[in-house]
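One structure is given below, encoded as structure tokens.
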Ligand code: HEM
Ligand code: HEM
């Protein structure tokens, strides 16, 4: 018994010693940077394959920063009691991944690479976030501590929401470091592809958030979606007009295309802002942002390329972007018929509305996957451009799925009442019947709406009412209300 107690008492110190020893060993293993370099002259990585430690590092960090922290962030925003346990699990994995990153053997990488530099920034941010989080968790809400808490909360909130963006950046840095890409002359091109590609994906994510949980918000904010989009396009265009060519020097390479693209962006953006109000000053939808994307896609698809695979990938990127533009215009003008959302309650959407959103993700991945070095890699491999493009589309689907899952999680936790009502209505026996009936009715009404004018609509609705076998059921819209009331 006494022996058992001693062992138990001694356990923490044993654990500390053991882990210190392991970390010391790992740190020693990291010495390869200071030893003789195996990187050949003019190369950016050595010839050796990536070792298991580094593979595990990649997997663990992607799991921690790419999956667990973002889930934890949503749990934090929705004040779930699972927030802290989730982030603690993520933090433990991140610590493990950190040491694995330092302990790897196998392939060597140039010293002072961007991934290892940025890892310090991310690591310090995470440490700060955990310390702030633990302080918040103590719930000292009175007196002086209460005042400090009020200060700390916004910090934890802002850093928390910035974490997925920082993590995304670090994962991209990890990818280019592993392959030894984007060094020297390639930096500018890489930055252009990764920033623009990520921006397309971010735009897709923002549109998905607005569609799934922000319809009411956008209606209340007093501006149409196109006003915001056009303003961003105009601002971005201004920047590109003056930064894509070094003024006062000769016009080289693609300077003309990039600068004129900047010009059309701000010209069109201003027009888009103007069209965002109707004659009474109410927010109005318009075609401009979709059209700008269409033009950008066309310009991109015509960008001259040397390699066949590069030309094919750029062409596919351009077509995808053009498809975003066309489908967005169709969505606004014909699916939504200029309305801000499909239904009054802002809870539903038409499947078509997902098309431009997904294509934005796909365009982003295609562009990010089309730097010179990546294209060389594919051209020198047995893979053809079709397989490469399919891989990029698959990645787009995965990120599309995951972001939709996060938005769904947020929706469930943030709007439990309305979801429970729907859920209850769909599950209750009688209510289920009514809900189904209501859904069929609204579906019918929606389809008919597309085919008839307003006057005809009233007439048709009357017919629908008469043909209903349950006389207690009024118009389809009240069926919906009945369901809600009976839960
Ligand atoms: C492991 C240590 C962590 C602890 C103990 C912790 C604790 C907390 C607590 C107690 C809150 C609620 C604050 C309040 O409502 O007054 C909170 C909110 C939040 N946390 Fe954490 N957290 C941790 C890590 C993280 C990380 C790593 C992230 C980001 C990836 C994060 C993101 C957030 C967000 C976005 C909120 C919502 C803030 C808001 O109301 O806008 N937390 N956290
Ligand atoms: C966001 C998650 C990640 C974090 C926080 C992270 C952090 C780190 C850290 C701290 C190191 C040690 C740096 C040093 O040697 O000074 C490292 C090394 C490394 N990581 Fe990551 N990493 C992440 C994701 C990835 C991913 C996704 C990849 C690859 C696809 C990757 C590839 C590498 C490589 C190749 C090294 C070795 C660099 C070298 O030896 O100089 N990492 N990482």
Name the residues in the range 169-182 that are away from ligand 1 (no atom under 16 Å from the Cβ) and part of a helix (DSSP H, G or I), would you?
172, 173, 174, 175, 176, 177, 178, 179
Among the residues of the range 58-90, write down those that are over 21 Å from residue 412 (Cβ atoms), surrounded by 19 or more Cβ atoms within 10 Å (Cβ to Cβ) and near ligand 1 (Cβ under 9 Å from one of its atoms).
65
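To keep it simple, each residue is scored yes or no on (1) surrounded by fewer than 17 Cβ atoms within 10 Å (Cβ to Cβ); (2) over 27 Å from residue 275 (Cα atoms); (3) in contact (Cβ under 8 Å) with a residue 40 or more places away in the chain.
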{"site": "308", "(1), (2), (3)": "yes, yes, yes"}
{"site": "318", "(1), (2), (3)": "no, no, no"}
{"site": "350", "(1), (2), (3)": "yes, no, no"}
{"site": "358", "(1), (2), (3)": "no, no, yes"}
Yes/no for residue 116 being assigned to a helix (DSSP H, G or I) and within 14 Å of ligand 1 (Cβ to nearest atom)
no
So residue 211, is it touching a helix residue (DSSP H, G or I) at 6+ places or on another chain (Cβ under 9 Å) and surrounded by fewer than 20 Cβ atoms within 10 Å (Cβ to Cβ)
no
Could you check, for the range 121-131, whether at least one of its residues is loosely packed, with under 13 Cβ neighbours inside 10 Å and either away from ligand 1 (no atom under 14 Å from the Cβ) or within 30 Å of residue 42 (Cβ to Cβ) (or both)?
yes
Residues satisfying the stated conditions in the range 139-165, i.e. under 23 Å from residue 101 (Cα atoms) and either touching a strand residue (DSSP E or B) at 6+ places or on another chain (Cβ under 7 Å) or surrounded by fewer than 17 Cβ atoms within 10 Å (Cβ to Cβ) (or both):
162, 165
Being at pLDDT 95 or above, in a helix (DSSP H, G or I), outside the structural domain of residue 368 (by the TED database) and more than 25 Å from the chain's Cα centre (by Cα) narrows 132, 166 down to just 132
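The values are calculated or read from the model by the stated rules, or taken from the named source; none is laboratory data. Here the structure is a predicted model, which is why all the values come from computation and not from measurement. Heads up, the Cβs are rebuilt from the backbone with ideal geometry, glycines too, and the neighbour counts pull from every protein chain shown.
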